[in-house]
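Here is the structure we will look at, set down as structure tokens.
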Amino acid sequence: MSQQTAEPATAFEQFVTEIQRYDVGVTEVTPSEAADAIEGVIEQPAVGTALPFEGVELPDSVESEPTVGDLDAATTGVTAAELAIAEYGSIFLRTDELGSEPVSLFNDLHVAVLHADDIVQDMTAAFEHLGERARADRSSGILATGPSATADMGALVQGAHGPKRVELILIT
Amino acid sequence: MSSQRDSKAEHIRHIMETEGAAVGTNTRGFNAGRYESVAKLSDYDGLKDEARAIKEDAIERLPELIDELTATVEENGGTVYLAEDAADANEYIAEVCAQQEADRLVKSKSMTSEEIEVNEYLEREGVDVVETDLGEWVLQVAEEAPSHIVAPAIHKSRAEIARLFNEYFEPEEELETAEELTMFAREQLGERIKDADVGMTGANFLAADSGTMALVTSEGNARKTVTVPDTQIAVAGVEKIVPTVEDLQPFIELIGRSGTGQDITSYISLLTPPIDGPTVDFDDPGAPVAGDGDDREFHLVLIDNGRLAMREDEDLKETLYCIRCSACSNTCANFQSVGGHAFGGETYSGGIATGWEAGVHGQESAAEFNDLCTGCSRCVEACPVGIDIPWINTVVRDRINDDEEVPMDFLVDGLTPDEETSGPGLQKRLFGNFETLAKLGSTFAPLSNWVANAGPVSRLLEETVGVADERDLPTFQRTTLVEWFDEREAIPPADPERKVVLYPDLYTNYMMVERGKAAVRTLEALGVEVVVPSVPGAGRAPLSQGMIDTARSKAEAVADTLDPYVEQGYDIVVIEPSDVAMFRGDYERLLGPDRFESLSEHSYEIMEYVYGLLENGADVDGLNVADGETTVAYHSHCQQRTMGLEPYTLQVFDRCGYDVETSDAECCGMAGSFGYKEQYYDLSMDVGSNLDSQLREIDADRVVASGTSCTDQIGDLLGEEPSHAVELIAPPE
């Protein structure tokens, strides 16, 4: 299913445009620049889970094997995104044994790290991947679009239960 | 009867006064957002068709899918419990909590859990139940029920929530802004989630192939509810099952757009529980976050509670396709005025609620609010799975009618020669037998008009059958359209290209004869041969009262009369949009597909037909084209819009040189007999006030409408009756 756009854009361009509509800051970097870029957007204290991209490391200031106490005290959580959907500006956060789900959820700021190769065009393409994977290993994850939000208190507020702000480090 | 109607009117007035403003602002915002969001899709209709097909297939194969899902979830390490009813489900859930020695259960939003009233049950068992969705939590604190299936506290303003929290929690600093209220709730609920023993969620969808469930949320409370405690209970109606994970795709694209007008909500949890991530024990700060989640337990409680019986019920079955997006609530003009506390039953609210309530709680619960569906049909177009919601309302109304005890009444009995074997109430029978009333009214006009609107008779009508005293009854014409046509001396166009039966709908024939004459002049000016035979009423009036047998006999009589014309090559042209909707839509159910198809294919709305004639070379100069700059304010009829016919009228106006602005009010509020009913008069006027302000703002030279109801309502609102579209373009006599 495709959305109409004024001019044909590449999936990459469209993704960046769409995710920014949700007030997500986007920093484009090469693998070797990623750690510095993460350092540049986090607010301390920060926790994170290991990033699965070649040549990409968490900066030293991010606790990469956090305890529950670290998680509770942190302001920022850094985790990887497995997939992104250009037309929606959405990213897929895989639940794993490292604890990426709580690390991406409990802090005021979530820094997601995505590789540009993992951007797919539309929801159909995303679900082809997600369906196969779910049947194969019965894993779980969250398709996240922008920060947590609610309008239940009479006006739109970001950060109801989940992160108030999301930053994206986009590796090219 | 009268006192029942009075108390209903009083209840509706009270809800409108206390909750109407907040509900109106929010639902209209959602509705506008829906239009905007679905317009961005390149193939919205294709996506809806896809979603519909998945649901049709899934409900068809439901027993098999339940078995498949059960096997899959068990293979994944979870437990499935198929609960026959609410009590059965609650006992099981309580047992799980007891085994876990749970003191606290945290919940994310779930209407199905409201349906089984699990909170009350668990509280009695000594479990502290905390709603973590902010809207639900507000209601838990306020001890109120949801007024909307997606945004449960939609009836409360920010100021009211602030007052509630300040009184209940007595915070050190008074809470005021939405930001302050949200952060307060985040903190309070965050603490409660940390201590929770069990997390309960609903499920928007369940994929049988992998046991994957989708949760559509925005706040993140569902994520926390699942992640923190080691035990997850998901409560879901059996109808939530779809065959595969890929089947979720169209629904994920449609649900947020259709409901709150969001392209997608913040979080779509795609969980295959028990999930493979660690639980988080905040009492053990030294423990690592990482972990394999092997301590997790998952219980899927599938709720039948009447659903498998609904599946066997041809008319209620479609209800099971509902994905609870709330589009039918938000687009409904009546809902926009009152919300779910008036337009709702024990659990569900809005148009589709009639199906849900009748199916899971029983007909009595549906009877409470079923009349608020006027059959305007705007929800059909809005529904992402295309459920014929008005039909479900009509069927349930018919079934409710059957159960009503009706006194044989001396005044109305002669006016109600219907096919109903048992009793719709007097008020419904009077309006349902409008054809008889119209014939009598016309025979005795103008005396009948004078008598009916005179003080004593008008008051008698209100007391006995509940016709609102405030309304002027329709003015019947002594000479009907059919009589005028028979008696007139006119030379038919020579060598006509097309032959037309102008259908003398009840309203045109007996009351608004001028618009009928205008239609004849217009068609003849465009070179068409016109006949206006005597044809029975279309059955719209009885259908709207839930008198399906009567409507069916009308439909058969109409088809008997018109079929021979169709066979001789006549097109059927209809002025009243609600009757076009009968011919093109409802007759399929009333007549069966074969008879329906021929009549439906050859029926046209008058302005649609005029557009077709102009497209095929007819000369627009034969019509009453605008001289200079004539501005027109146009309100399209609700059913006309659902059939996609509004653009034809606008095109014709444009070709005739009129400068047109349209209203975007979903419905005028009159909706057939609805606005004439004593108990709904205030609501009808409240709905109309939206249209009223739009028309006044447009401030055009001419106000034009297409439906009889809209004409009556706008007449009452503006103090001057608008013209029908065809009267604007008809050449002068």
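The values are calculated or read from the model by the stated rules, or taken from the named source; none is laboratory data. Note that the structure is predicted; figures quoted are calculated from it, not measured. As a convention, Cβ positions derive from the backbone with ideal geometry for all residues, glycine included, and neighbour counts pool all protein chains shown. Note: areas computed on protein heavy atoms with side chains; ligands, DNA, RNA excluded. Shrake-Rupley method; radii C 1.70, N 1.55, O 1.52, S 1.80 Å.
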Exercise for the section: Output the direction-averaged projected area (hull surface divided by four) of the convex hull of the alpha-carbon atoms of the range B:102-205, in nm². Expected result: 6.9 nm²
Practice task
On a C-alpha basis, how far is the centre of the range A:67-112 from the centre of the range B:147-162 in Å? Whole number, if you could?
Solution key: 30 Å
Handout entry: B:Ala490/B:Glu601 FRET efficiency (R0 51 Å; Cβ-Cβ; nearest 0.05)
Key = 0.95
Practice task
Pairs to check: B:Lys8/B:Lys677; B:Lys109/B:Lys240; B:Lys317/B:Lys428; B:Lys194/B:Lys240; B:Lys439/B:Lys554; B:Lys194/B:Lys224. Give those whose C-alpha atoms are more than 18 Å from each other in this structure.
Solution key: B:Lys317/B:Lys428; B:Lys194/B:Lys240
Fill in the blank from the handout: extent check for the protein assembly as shown: Cα max minus min per principal axis, descending, whole Å, gives 97, 60, 55
Fill in the blank from the handout: Expressed as a whole number, the average count of other chain Cβ atoms within 10 Å around the Cβ atoms of A:61-72 is 4
Exercise for the section: Count the DSSP beta bridges whose two residues both fall in the range A:44-172, then state the antiparallel fraction as a percent rounded to the nearest 5. Expected result: 30 percent
Practice task
Could you tell me the distance between the Cα centroids of the range B:167-230 and the range B:515-582, to the nearest Å?
Solution key: 56 Å
Handout entry: Pairwise Cα inverse-distance average, inverted: Kirkwood Rh of the range B:10-79 (Å)
Key = 16.5 Å
Exercise for the section: State the answer as a single residue: which of B:Leu613, B:Thr711, B:Val580 lies farthest towards the positive end of the charge dipole of the range B:481-729, with beta carbon charges of +1 for Lys and Arg and -1 for Asp and Glu, about the Cα centre. Expected result: B:Val580
Problem - Degrees between helix B:606-615 axis and first principal axis of chain B (Cα, 0 to 90, nearest 10) - result: 80 degrees
Fill in the blank from the handout: From DSSP H assignment alone, runs of 4+ in the protein assembly as shown each adding -39500 (n - 2.57), the sum over residues rounded to the nearest 500 puts [θ] at 222 nm at -13000 deg cm²/dmol
Problem - Inter-chain Cβ neighbour average for residues B:177-189, partner chain, 10 Å - result: 5
Handout entry: Relative contact order [Cα under 8 Å, 6+ residues apart], the range B:319-403, whole percent
Key = 30 percent
Practice task
Could you tell me what percent of the accessible area of the protein assembly as shown is made up of carbon and sulfur, with a 1.4 Å probe and every protein chain present?
Solution key: 45 percent
Practice task
Could you list the square roots of 5 times each eigenvalue of the Cα gyration tensor of the range B:503-567, that is, the equivalent ellipsoid semi-axes, sorted largest first and rounded to whole Å?
Solution key: 25, 16, 7
Problem - Order by protection proxy (mean Cβ within 10 Å, highest first), peptides B:565-571, B:645-651, A:80-86 - result: A:80-86, B:645-651, B:565-571
Practice task
Mind checking the full-extension length gain between B:Asp294 and B:Ala145? Use 0.36 nm per residue of separation minus the Cα-Cα distance, one decimal, nm.
Solution key: 49.9 nm
Practice task
Report, in cubic angstrom per residue, the convex hull volume of the C-alpha atoms of the range B:194-326.
Solution key: 120 Å³
Fill in the blank from the handout: Per residue, the convex hull enclosing the Cα atoms of the range A:119-167 spans a volume in Å³ of 123 Å³
Practice task
Order the peptides B:368-376, A:33-41 from the highest to the lowest mean number of other Cβ atoms within 10 Å of their residues.
Solution key: B:368-376, A:33-41
Practice task
Calculate the radius of gyration of the Cα atoms of the range B:606-733 to one decimal place, then report Dmax, the largest Cα-Cα distance, as a whole number, both in Å.
Solution key: 14.9, 50
Fill in the blank from the handout: Measuring from its Cα centre, chain B shows a charge dipole (+1 at each Lys and Arg Cβ, -1 at each Asp and Glu Cβ) which, in debye to the nearest 20, is 1760 debye
Fill in the blank from the handout: Here, the range A:44-99 modelled as identical Cα point scatterers in vacuum has Debye log10 I(q)/I(0) at q = 0.17, 0.27, 0.31 Å⁻¹ of -0.61, -1.11, -1.23
Completion exercise
Buried accessible surface, A vs B, both sides, probe 1.4 Å, in Å² to 100, equals 5500 Å²
Problem - Acute angle (nearest 10 degrees) that the helix B:62-76 long axis makes with the longest principal axis of chain B, alpha-carbon atoms - result: 20 degrees
Practice task
On a 0 to 90° scale, report how tilted helix B:389-403 is relative to the longest principal axis of chain B, with both axes built from alpha carbons and the result rounded to the nearest 10.
Solution key: 90 degrees
Practice task
Please get the size of the charge dipole for the protein assembly as shown, origin at its Cα centre, with Cβ charges of +1 on Lys and Arg and -1 on Asp and Glu, quoted in debye to the nearest 20.
Solution key: 2400 debye
Problem - In Å, descending, principal axis extents of the Cα set of chain B - result: 98, 54, 52
Handout entry: Antiparallel bridges, percent of DSSP beta bridges restricted to the protein assembly as shown (to nearest 5)
Key = 25 percent
Fill in the blank from the handout: Over chain B, with neighbouring protein chains present, the accessible area per residue in Å² at probe 1.4 Å is 37 Å²
Handout entry: B:Thr475, B:Thr464, reordered so the largest accessible area comes first (probe 1.4 Å)
Key = B:Thr475, B:Thr464
Practice task
Could you work out the relative contact order of the range B:481-729, using alpha carbon pairs under 8 angstrom and six or more residues apart, expressed as a whole percent?
Solution key: 18 percent
Practice task
Just check the range A:47-172 against the gyration tensor rule for me: Cα atoms, a ≥ b ≥ c as the square roots of the eigenvalues, rounded for a/c under 1.5, and otherwise prolate or oblate depending on whether a/b exceeds b/c.
Solution key: oblate
Exercise for the section: Compare the Cα positions of B:Leu320, B:Gly355, B:Gly291 along the charge dipole of the range B:270-363 (+1 at Cβ of Lys, Arg; -1 at Cβ of Asp, Glu; about the Cα centre) and return the one farthest towards the positive end. Expected result: B:Gly355
Handout entry: Inter-label distance for B:Asp659 and B:Glu529, nm, one decimal - labels placed 7 Å from Cα along Cα-to-Cβ
Key = 4.3 nm
Completion exercise
Per residue of B:247-258, other chain Cβ atoms within 10 Å number on average 3
Handout entry: Mean separation of Cα contacts under 8 Å, 6 or more apart, over the residue count of chain B: relative contact order %
Key = 12 percent
Handout entry: Simple Cβ-charge dipole of the range B:28-120, Lys/Arg +1 and Asp/Glu -1, about Cα centre, in debye nearest 20
Key = 840 debye
Completion exercise
Using alpha-carbon positions, the gyration tensor of the range B:481-729 gives root eigenvalues a ≥ b ≥ c; with a/c under 1.5 called rounded, otherwise prolate if a/b exceeds b/c, else oblate, the class is oblate
Fill in the blank from the handout: Everything considered on the Cα gyration tensor (a ≥ b ≥ c; rounded for a/c under 1.5, else prolate if a/b is larger than b/c, else oblate), the range B:319-403 must be described as rounded
Exercise for the section: Take the alpha carbon atoms of the range B:76-127, find their center, do the same for the range B:646-664, and report the distance between the two centers in whole angstrom. Expected result: 56 Å
